[in-house]
1. Kindly provide the set of residues from segment 292-303 that are buried (at least 20 other Cβ atoms within 10 Å of the Cβ) and in a helix (DSSP H, G or I), ordered by number.
2. Provide a single number: the residues in segment 209-252 that are under 15 Å from LEU297 (Cβ atoms), open to solvent by 20 Å² or more (accessible area, probe 1.4 Å) and not charged (D, E, K, R).
3. Which residues, taken from segment 260-291, are in contact with a His (Cβ under 6 Å, 6 or more places away or on another chain) and either buried (at least 21 other Cβ atoms within 10 Å of the Cβ) or farther than 24 Å from ASN226 by Cβ (or both)?
4. Which residues, counting only those in segment 21-30, are assigned to a strand (DSSP E or B), free of Cβ contacts under 8 Å to residues at least 60 places away in the same chain and either open to solvent by 40 Å² or more (accessible area, probe 1.4 Å) or not small (Gly, Ala, Ser) (or both)?
5. Filter segment 113-155 down to the residues that are open to solvent by 20 Å² or more (accessible area, probe 1.4 Å), farther than 14 Å from ILE186 by Cβ and of a type in the set (Phe, Trp, Tyr) and list them by number.
6. Quick one: in segment 495-528, of everything that is in contact (Cβ under 8 Å) with a residue 60 or more places away in the chain and small (Gly, Ala, Ser), which residue is farthest from PRO386 (Cα to Cα)?
7. Report, by residue number, each residue of segment 6-44 that is closer than 16 Å to PRO88 by Cβ and in contact with a Pro (Cβ under 9 Å, 6 or more places away or on another chain).
8. I'd like to know if segment 118-131 contains one or more residues that are out of contact with any His (no Cβ under 9 Å at 6 or more places or on another chain), within 14 Å of LEU277 (Cα to Cα) and either acidic (Asp, Glu) or modelled with pLDDT of 95 or more (or both).
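The values are calculated or read from the model by the stated rules, or taken from the named source; none is laboratory data. No experiment lies behind these values; they were computed from the predicted model shown. Quick reminder, even Gly has a Cβ in these numbers, built from the backbone with ideal geometry, and neighbours come from all protein chains shown. Surface accessibility is based on the protein's heavy atoms, side chains included, excluding ligands, DNA and RNA. Shrake-Rupley method; radii C 1.70, N 1.55, O 1.52, S 1.80 Å.
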Amino acid sequence: MLWEKVISSEELAKKNKTIFKKGNKQIAVFKLKDQFFALDNRCPHEGYPLLQGNVNTECVLTCNWHNWKFDMKSGQCLTGGDNVRIYPLKEEDDFIWVNIAEPSIEEITNSILEGFKIGFLDRQYGRMSRELARLYYNKIDPLTAIKKTIEWSYDKFEYGMTHAFAATADWLQLYALNKENPENQIICLTEAVDHISFDSLRFPTFPFKQDIETWSENDFLEAIENENHDKAIALVLGALSENRHFSDLENALVKAALMHYNDFGHSLIYVYKSATLIEFLGNEVEKPLILSLVRSLCYTTRDDLLPEFKEYPTYLAQVKITKQNLADEYPDSLEIFGKSVNFTMNWVVDKLKIYWPENIYQTLLEVNARNLLHYDINYQYAYNNPVNDNVGWLDFTHAITFANAIRKMCEKYPDLWQAGLLQLACFSGRNQKYLKEINESEWIVNDEKIFWQETIDKLYDHGIAGPIFSAHLIKTSFAIKEESEVANQSCKKYLLASLNRFINSPIKAKHVRRTIKQGMELVARDFV
């Protein structure tokens with residue numbers, strides 16, 4: 001116990017309140033009738049001095065700055081958000097004493113996480129950031145909150161994993177680069193949990209059945225193919241019960257993600273980012289991430305069933321990699337820039353007879369970087385186009401983040417290059433009708449070091465309200481950072497230029513007129 005003398009009983013009886021300071025502590029002490037109360041003087045909202053607040057006869061203290069109200073007996077915030085810390089008091093030898101001993105680390109951790117969970121469940125951005133800061137200043141690993149966030153949310157995604165988990169992997173990479181800058185670290189963590197909170201906000205729990213079946217990769221792939229959610233979950237739960245880990249299941253998960261041209265590449269991106277998250281946070285998050293991922297694989301859209309990509313299975317059946325006499329140069333990207341889906345898939349089939357898969361990948365990556373650079377921004381403002389032409393920046397960035405996942409996964413599992421390259425070709429062909437001529441020289445990056453510093457600085461303070469857009473900013477930036485480190489010079493030039501244009505161009509985040517107009521036109525078909 002660390003009891004400190006505050007004020008004489010007589011003096012407090014005259015004043016009814018006083019401030020006690022010790023080191024960094026400021027403690028407001030109140031006398032109300034025959035009761036004494038002590039609590040942090042700084043309002044946990046914005047630091048306004050609670051000593052200047054109003055106290056009513058029910059022992060409720062109101063901070064006059066934003067009308068937050070606190071129960072002086074417990075410190076609980078009754079109106080507002082964060083709780084305030086209270087301190088034990090005693091009256092002895094005609095003096096008032098306060099106990100400033102710190103609670104145990106376990107008590108502090110539990111208290112902060114309790115507040116953090118409230119902020120998370122209500123998507124209170126400021127509160128989440130403050131609770132993360134409290135973890136940091138109490139020398140408690142802030143990543144504890146990220147692990148809890150995954151635990152609280154993974155079963156609230158009805159159709160499985162979303163961009164929120166994927167973006168968290170990149171925010172954590174940026175977090176790791178800021179060991180000497182806690183402000184930037186708290187930014188990274190708050191951005192990550194804010195997106196997860198947004199995606200799970202107000203949703204009920206969609207529980208996973210707990211049936212267990214003996215793991216079999218073939219059975220798992222068949223379950224995914226048949227969209228048999230409960231079977232696929234039972235198999236991965238069986239694998240986990242056999243002490244298998246994500247690394248043991250990764251090959252099967254990558255195969256499942258590439259069995260179809262799934263959801264414009266999201267499935268493979270989610271596999272790659274899940275691996276990154278588990279590597280970063282440890283096995284504590286392994287089970288919830290795997291379950292969320294497998295659910296998304298079962299419910300994902302299968303875009304090769306769409307008319308535009310219906311020839312994909314035919315081309316996949318034709319494609320072969322010949323290990324002998326493959327050329328080690330790069331195919332010319334201008335051969336397929338601006339060409340159709342079928343043209344680019346046929347090009348892959350032909351080129352795999354001549355070139356190494358990695359070299360064809362570089363060419364396809366460059367083409368998709370060119371596409372991003374040449375995106376006709378007028379499409380994001382148009383509202384008279386058909387629904388199929390609702391194409392924005394994110395449709396183009398998906399090609400880059402998917403390409404990044406393709407390289408990372410196919411370097412580990414080379415037998416999947418064929419599917420990966422054909423799907424990357426689908427991206428190239430799909431986006432070709434939404435391009436326009438631009439002056440490329442305006443966007444060429446001349447000083448790479450300065451460019452990356454400016455890009456990272458923008459991520460810290462992007463100013464975009466919708467987390468899906470900030471998620472794509474960081475995901476695309478990190479994908480291009482990783483790919484530019486291994487790309488040939490021509491490909492690297494277009495990667496950097498495309499990112500330069502993307503991060504420095506306006507993003508229309510809400511399409512009011514387009515949404516209403518297209519909705520009315522659809523409904524009107526039943527009446528006109």
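1. SER292, LEU293, VAL294, ARG295, SER296, LEU297, CYS298 - these are the residues of segment 292-303 that are buried (at least 20 other Cβ atoms within 10 Å of the Cβ) and in a helix (DSSP H, G or I).
2. 5
3. Of everything in segment 260-291, just one residue is in contact with a His (Cβ under 6 Å, 6 or more places away or on another chain) and either buried (at least 21 other Cβ atoms within 10 Å of the Cβ) or farther than 24 Å from ASN226 by Cβ (or both), namely GLY265.
4. LYS21, GLN26, PHE30
5. Correct list: TRP152, TYR154.
6. By that ranking, first place goes to ALA497.
7. Within segment 6-44, ALA28, ALA38 qualify.
8. No: segment 118-131 contains no residue that is out of contact with any His (no Cβ under 9 Å at 6 or more places or on another chain), within 14 Å of LEU277 (Cα to Cα) and either acidic (Asp, Glu) or modelled with pLDDT of 95 or more (or both).
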